[in-house]
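The values are calculated or read from the model by the stated rules, or taken from the named source; none is laboratory data. These numbers come from a predicted model, not from an experiment. A quick note on method: Cβ atoms are made from the backbone with ideal geometry, for glycine too, and the neighbour counts reach across all protein chains shown.
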């Protein structure tokens, strides 16, 4: 005689089958299996895949248990099953969206808008180097881990800045912060060890850098250097809603004044989907505003030019705060002015360096303007440059002619290749030696 199955038996079997399906999805969507087809690029989504694997395992096992319990369960327990289903599918759907979108290198921050996500690894696929990685330490630095307390006899320097200082497109070993450590180990015999702390974050302007310096004072630095890029004057007014920007952030971090809203928009799959939808209409507006807030135009004007006056006030006030913090702690400071490629051939675009040097002098802070060192590294044949000019070549054509040499120091208009980082590291070493901060 055929066995009879009750509706509860059938329901339990189906729920158990669902649990197995969820477990199977976790067995496929995890960092270890995904590595088989993603290879080195798995580092970009290893964290979200691990989270999906955790939740799918948890709910898969839960559904297996519920499936076994349903035939014998009391009515009260059965009433909670729909709620468990809603919770499970809500979380799993959200985690699946995160597997699709991934999490960026940055996380939401209520005060700073965003900061580096601690203890993550991301590939350099954007630089055409998928096998190389960016590693962020526990402090949120593009740096190796180091003890918070400074060991006896150690020289510590803090580097502040944006993506140029951070080392966009390069590994930690290729940044000028790391290279300076190596140079100090060779040339400075006054200190036992050296730690150059790279606190820079993509897109940061001087007010964010001042806050980072406040946090970094716990590392007891002996020296602080600020890397300044020209788009510090213009970029915040394109992006930051608090400064009139459109709120489109290429870091993938939604700007909000509420911590819970910030978490939901930036750390959940549904939030990241909403960001994608919201940002569609903002990209064109950013490009239109970029025509006005143009770095090249800014470089040819003074500090009081109407369209850039607010930007200059914003960055200079941030620098003043950094200078004041360093002075309060008696920490020697240095401002480094980093060039755009067009400045290397066009003296009419050197106004920002002069503005920053005059402002720094008022606060007793020395400046290294890297326009000249980079120009010498690229356009080292002055006679050839003059010959090309005499033949009617404009700056853009001359730059194209010297493209191979330019590529040795810059990977795009303002970010350094490893050769560019070497120039900065060597200049920093000479500066430290001249000031007597390091030496024999």
* Asked: Can you tell which of 184, 217 is more than 17 Å from the chain's Cα centre (by Cα) and crowded, with 20+ Cβ neighbours inside 10 Å?
  -> 184
* Do we have residue 185 as more than 27 Å from residue 412 (Cβ to Cβ), assigned by TED's automatic domain parsing to the domain that holds residue 147 and modelled with pLDDT of 90 or more here? -> yes
* To do: Looking only at the stretch 166-198, count how many residues are outside any helix (DSSP H, G or I), in contact (Cβ under 8 Å) with a residue 60 or more places away in the chain and over 22 Å from residue 152 (Cβ atoms).
  => 5
* For the stretch 27-58, what are the residues that are under 18 Å from residue 268 (Cα atoms) and assigned to a helix (DSSP H, G or I)? -> 44, 46, 47, 48, 49, 50, 51, 52, 53, 54, 55, 56
* Asked: Can you name the strands (runs of 3 or more DSSP E) wholly within the stretch 82-154 that have at least 1 residues being within 21 Å of residue 411 (Cβ to Cβ) and more than 14 Å from the chain's Cα centre (by Cα)?
  -> 129-135
* To do: Scan 27, 40 and give me the residue that is farther than 22 Å from residue 124 by Cβ and either surrounded by 13 or more Cβ atoms within 10 Å (Cβ to Cβ) or not assigned by TED's automatic domain parsing to the domain that holds residue 95 (or both).
  => 27
* Asked: Do we find a residue being surrounded by 19 or more Cβ atoms within 10 Å (Cβ to Cβ) and more than 30 Å from residue 154 (Cα to Cα) anywhere in the stretch 325-339?
  -> yes
* **Single residue of 385, 409 found to be at pLDDT below 95 and either assigned by TED's automatic domain parsing to the domain that holds residue 203 or touching a strand residue (DSSP E or B) at 6+ places or on another chain (Cβ under 6 Å) (or both)** => 385
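Is it the case that residue 110 is surrounded by fewer than 17 Cβ atoms within 10 Å (Cβ to Cβ) and touching a helix residue (DSSP H, G or I) at 6+ places or on another chain (Cβ under 6 Å)?
yes
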* To do: Test residue 131 against the criterion of being on the phi > 0 side of the Ramachandran plot and in contact (Cβ under 8 Å) with a residue 24 or more places away in the chain, and give yes or no.
  => no
* helices (runs of 4 or more DSSP H) contained in the stretch 254-362 and holding at least 2 residues modelled with pLDDT of 90 or more, under 19 Å from residue 164 (Cα atoms) and in contact with a helix residue (DSSP H, G or I) (Cβ under 8 Å, 6 or more places away or on another chain) -> 309-328, 351-362
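Yes/no matrix, rows are residues, columns are (1) more than 23 Å from residue 87 (Cα to Cα); (2) out of contact with any helix residue (DSSP H, G or I) (no Cβ under 6 Å at 6 or more places or on another chain); (3) without any contact (Cβ under 8 Å) to a residue 12 or more places away in the chain:
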| position | (1), (2), (3) |
| --- | --- |
| 11 | no, no, no |
| 17 | no, yes, no |
| 25 | no, no, no |
| 33 | yes, yes, yes |
| 36 | yes, yes, yes |
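Residues checked against (1) out of contact with any helix residue (DSSP H, G or I) (no Cβ under 6 Å at 6 or more places or on another chain); (2) at pLDDT below 95; (3) not assigned by TED's automatic domain parsing to the domain that holds residue 352:
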residue: 124; (1), (2), (3): yes, yes, yes
residue: 146; (1), (2), (3): yes, no, no
residue: 199; (1), (2), (3): no, no, no
residue: 210; (1), (2), (3): no, no, no
* Asked: Quick one: is residue 159 closer than 30 Å to residue 276 by Cβ, assigned by TED's automatic domain parsing to the domain that holds residue 330, at pLDDT 90 or above and buried (at least 22 other Cβ atoms within 10 Å of the Cβ)?
  -> no
